[in-house]
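Below is one structure, written out as structure tokens, with a few remarks after it.
Values in this text are rule-based calculations from the coordinates and carry no lab data. Not measured: the values here are computed from a predicted model. Positions of Cβ are backbone-derived with ideal geometry, glycine not excepted, and every protein chain shown enters the neighbour counts.
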Amino acid sequence: MIKKILNNKIIKIISLLLLVAILPLIFKSSMNLRILIEIGIFSIIVLGLNLLMGLAGQISLGHAGFFGLSAYITALLSAGRLPINLPIYISIPIAIILTTFTAYLIAFPILKLKGHYLAMGTLSIGIILYTLFVNFPHGGGFDGFSGVPRLWLFGEYFTNKILGINKYINGYIIVYGILLILFWFSKNIVNSKTGRAFKAIHTSEIAASSLGIDVTKYKVIVFTISGFYAAIAGVLFSHFYCGVTPNDFGILKSITIVTMVVIGGSSSISGAVLGTSFLILITYILEYFQDFLHRVGISISLMDFNIFVYGFIFLIVLLFLPQGLIGLKNRFFKWSKRDDKI
Amino acid sequence: MSDFLQYCLTGISVGMIYALIASGFSLIYRVTNVINFAQGEFIMLGGMLMILFNHFLKWNIFLSVILVLIIVVLVAFLLEELTLKPFKNDDVLIKIIFTIGASILIRGISMVVFWKEPGLRYESFFTDQNFKILGASITLQDIFIISVSIIIFVLLFIFMEKTITGKAMRATAINLKASKIIGINVNLTLKLSFILSGLLGAIAGIIITPKLGMSYDSGIFWGIKGFTAAILGGLDSGVSVIFGGLLLGLLEAFITGYGANISFGLFKSEYRDVVICAILIIFLILKPNGILSKRSDRV
Amino acid sequence: MIKFNGVNKSFGGLKAIKNLSFEAKPNQITAIIGPNGAGKTTVFNLLTGVLKTDTGSINFYNKEISKQKTFNIAKLGITRTFQNLQIFSNMTVLENIMVGMHLECRSNIFQSLFLIDSYEEKRVRKKSSELLEILNLEKYAHTNCSDLPFGIQRQIEIIRGIASKPKLILLDEPAAGLNPTETEELGDKIKKILSLGISIILIEHDMNLVMRISDNIIVLNFGEKIAEGTPEQIQKNPEVIKAYLGE
């Protein structure tokens with residue numbers, strides 16, 4: 001009886017909305033809100049990548065590149081560093097459209113590759129884009145730049161002065177509002193003709209095409225969509241942190257994002273957010289722990305353990321999850337095939 | 001003219017390193033069909049451990065080399081044992097993700113265990129001595145790198161072609177099931193492929209560090225270069241990857257060298273990485289079996 | 001309906017199909033038989049565009065299809081099953097059938113994003129359920145394919161292939177791994193498919209099944225056609241006997 005209530009779609013939707021609404025009230029401090037916003041932004045990228053990897057079975061090790069491309073485009077166009085200076089409600093759509101289009105163009109050649117080759121190919125794309133960020137004229141080189149205008153819900157004056165919403169609440173509302181919408185989109189895609197086509201391609205491209213599915217077209221579509229998600233995350237990043245640096249969008253970031261997909265990536269889209277939160281929180285927990293140790297007189301730098309912990313958890317999760325190694329693995333690879341060649 | 005020769009020599013020297021790394025990729029790929037994303041970390045470990053033993057702890061150089069090789073071989077062994085063996089029958093995607101995870105882990109451990117300053121080196125026998133050939137200068141270290149690489153390749157060739165174990169590995173590479181049936185210890189060959197790859201990587205790391213230094217995060221950098229070389233030469237042949245390595249080394253040397261004089265567009269040396277990556281992508285799509293192969297389908 | 005004309009296909013040095021010409025008539029069950037390695041699955045792969053012919057033509061209702069892509073050939077009304085089951089193990093039975101109706105489903109991705117396609121979704125879902133009911137498999141509708149017994153999975157693959165009401169379905173060794181009872185049922189189900197107006201080309205090793213249900217049989221050996229005819233004719237054909245039993 002209770003189970004039936006819990007499974008009810010409407011209840012789920014309402015609880016989700018409640019959760020999103022309550023979180024900022026619980027975690028009021030600006031530090032906590034920053035963490036939540038970071039989780040939100042990366043969840044958006046991970047949602048997109050989840051469609052590409054979990055649903056359609058492709059891989060992209062360069063997705064931070066699209067994230068960064070969109071961030072850089074809107075930042076450059078609106079920060080007054082180029083001869084052109086555009087208001088953000090113009091620079092944002094331009095950035096998103098250009099980045100999505102770039103993903104679309106790249107999709108055609110790169111998705112001819114499969115497996116390892118696709119991984120390497122997308123890795124190379126990530127490197128190319130990263131080099132672009134570093135060498136962009138007026139882009140500030142390795143240090144990037146700041147001075148990018150903030151995105152306010154109803155414009156700065158109205159939101160901040162009249163409604164009294166500070167920049168963190170503002171960021172939270174925007175990011176999570178968009179996250180919820182994209183979450184809804186993702187759920188809709190999964191249970192649609194297109195979603196089924198993606199899943200079919202994941203398992204057997206030959207069977208899929210024998211049923212009339214244009215495999216190339218659908219691969220391009222899913223790649224473009226995931227690029228679109230990354231592009232949205234990119235503009236949110238730029239206009240919340242009000243600056244960009246190349247290292248936010250490098251290879252390490254791409255690999256971290258893939259890690260988030262895998263760790264949380266399960267057959268339910270919510271898994272994507274879980275994995276993201278998990279990994280991002282680790283960094284902050286380490287920082288917190290480090291401060292604690294400092295106060296007790298032990299001063300070691302725990303931040304260096306960051307990557308190590310990532311890798312460690314990554315492998316542990318893959319190998320030994322409590323639900324059984326079959327458990328999470330199967331839940332992620334519920335969308336995947338067992339190796340079966342013709 | 002002396003410029004040209006200079007670039008050639010530089011290119012060949014670093015090209016040999018790429019060839020060593022590429023051989024590591026090729027070896028594991030041919031036997032297991034997996035591309036070991038952690039390959040670059042073997043090079044990094046080789047270099048960093050050498051610096052640790054020889055430069056910081058001031059141990060004897062020969063002792064250090066032996067220790068480094070043992071440690072890296074152990075890491076390679078563990079890599080196969082813990083990550084690839086349990087998932088032997090699974091999706092290629094899982095295996096890729098595993099080697100990625102392993103490389104993250106190795107890099108993470110290195111960051112903690114080693115130091116963060118980039119580009120440190122250790123003193124090799126040969127560091128400063130210079131030779132001039134027809135106007136181009138070449139260091140003794142370069143000559144050392146080239147000679148050691150050649151010796152390694154010859155040894156590898158003899159091992160793969162002439163010894164029973166080597167032939168067993170090649171058989172496993174060609175047909176795993178059949179090899180099992182005729183009694184080849186397939187598990188051993190799988191482990192061996194990793195161990196040899198680890199050795200190749202470690203040696204590459206050891207001989208290149210006095211010249212170019214090593215950092216805890218150099219792994220990916222070397223891995224990508226080695227992989228590109230492997231693709232250029234052809235992943236499925238142990239011999240052509242060597243050509244791939246040399247080709248890549250020469251390409252890079254020429255682009256950096258001549259590019260420095262061109263101050264615009266694609267040939268700026270910062271864009272060298274872009275050009276190399278673009279070449280990699282083009283090859284992956286059009287000629288995944290290498291520049292020498294006539295086929296354009298995937299193996 | 002299907003005409004192979006002088007088709008040749010080689011893989012490197014190996015000639016897999018040698019100058020193959022045959023015809024499969026509509027509303028019939030045509031069987032392709034032959035020893036292992038005779039090239040039977042290659043014929044299917046050539047027919048569906050998975051492989052390209054070296055020379056020769058393949059016509060479907062007088063339309064040349066040998067240069068077409070696989071999904072386009074599906075659009076023309078040819079579907080297939082696979083020798084090594086290619087069921088979508090990551091989806092439920094019902095979803096597999098719904099993929100089978102991909103070409104019939106009229107929603108596009110933008111409609112899906114905003115849930116405007118819900119009417120179409122319901123329609124396709126209903127039709128797929130009905131299809132399952134016709135063949136008494138509706139109880140498996142929401143089970144994951146990977147959890148089902150092999151025999152059932154094979155049936156699902158076939159149902160998936162006919163979901164879009166194709167003109168022709170190619171069945172590649174549908175009886176492999178089935179016991180005699182199941183094979184008997186399979187024969188009846190195949191005849192039922194024929195009665196739905198769908199022509200069938202069948203690759204099979206089970207001679208009982210082939211002789212029982214086929215209207216026309218084509219025998220291949222080493223990539224060449226060595227005989228063609230009705231079951232009675234084939235059973236008496238000395239070439240065929242030689243090919244199967246050796247000499």
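Quick notes on this one:
- The distance separating the Cα centre of region C:182-247 from that of region B:18-62 comes to 59 Å.
- Placing unit charges on the Cβ atoms only, positive for Lys and Arg and negative for Asp and Glu, gives region C:135-225 a dipole magnitude near 400 debye about its Cα centre.
- Each of B:ILE21, A:ILE232 was scored by other Cβ atoms within 10 Å of its Cβ. Listed from fewest to most, they are A:ILE232, B:ILE21.
- Shown here: region A:56-210, whose C-alpha atoms stretch 59, 37, 21 Å along the first, second and third principal axes, sorted largest to smallest.
- Packing-based ranking of A:16-27, C:198-209 yields C:198-209, A:16-27, ordered from highest to lowest mean Cβ neighbour count within 10 Å.
- For chain C, the convex hull spanned by the alpha carbon atoms encloses 138 Å³ per residue.
- Hits among lysines - C-alpha to C-alpha of A:LYS12 under 23 Å, sequence gap 8 or more where chains match: A:LYS3, A:LYS4, A:LYS187, A:LYS334, C:LYS122
- Looking at chain C alone, DSSP beta bridges between its own residues are antiparallel in about 55 percent of cases.
- For the protein assembly as shown, a crude dipole built from +1 on the beta carbon of Lys and Arg and -1 on the beta carbon of Asp and Glu, taken about the Cα centre, is about 1260 debye to the nearest 20.
- Hull-based mean projected area of region C:90-154, where the convex hull spans the alpha carbons, in square nanometres: 4.7
- Using only Cα coordinates, the Kirkwood hydrodynamic radius of chain A works out to 21.1 Å.
- Projected area, mean over directions - region B:2-286, Cα convex hull, nm²: 15.7
- The mean of 1/r over all distinct Cα pairs in the protein assembly as shown, once inverted, gives the Kirkwood hydrodynamic radius of 30.2 Å.
- Take each residue in A:209-222, count the other chain C-beta atoms within 10 Å of its C-beta, and the mean is 6.
- Selection from B:SER179, C:LEU113, A:ILE285, by position along the positive dipole direction of the protein assembly as shown (Cβ): C:LEU113
- Principal-axis tilt of helix C:118-134 within chain C, Cα atoms, nearest 10 degrees: 50
- Short to long, the 10 Å bins of the Cα pair-distance histogram for region A:139-206 hold 17, 24, 21, 21, 15, 2 percent of all pairs.
- For C:155-161, mean number of other protein chain Cβ atoms within 10 Å: 1
- Computed FRET value (nearest 0.05) for B:TYR258 with B:ILE182, which takes r as the C-beta separation and R₀ as 51 Å: 0.45
- Counts of other chain beta carbons within 10 angstrom of each beta carbon in peptide A:185-195 average 6.
- The Kirkwood radius of region C:3-96, taken over pairs of alpha-carbon atoms, gives through the Stokes-Einstein law at 10 °C and 1.306 mPa s a diffusion coefficient of 109 µm² s⁻¹.
- Region A:204-269: radius of gyration and largest Cα-Cα distance (Dmax), Å: 16.2, 49
- In region B:2-286, lysine pairs closer than 14 Å at Cα, eight or more apart or cross-chain: 5
- Axial C-alpha extent at least 24 Å, average Kyte-Doolittle at least 0.0 - helices from chain A (DSSP): A:9-26, A:30-50, A:88-110, A:115-135, A:167-190, A:215-241, A:270-295
- Sorting A:HIS63, A:HIS138 from the fewest to the most surrounding beta carbons within 10 angstrom yields A:HIS138, A:HIS63.
- Note on A:LYS193: aspartates and glutamates with a C-alpha under 14 Å away, same-chain residues under 8 apart excluded, are A:ASP214, C:GLU95, C:GLU104, C:ASP117, C:GLU120, C:GLU121.
- Fewest-first sequence of A:PHE312, A:PHE183, A:PHE240, B:PHE98 by Cβ atoms within 10 Å of each Cβ: A:PHE312, A:PHE183, A:PHE240, B:PHE98
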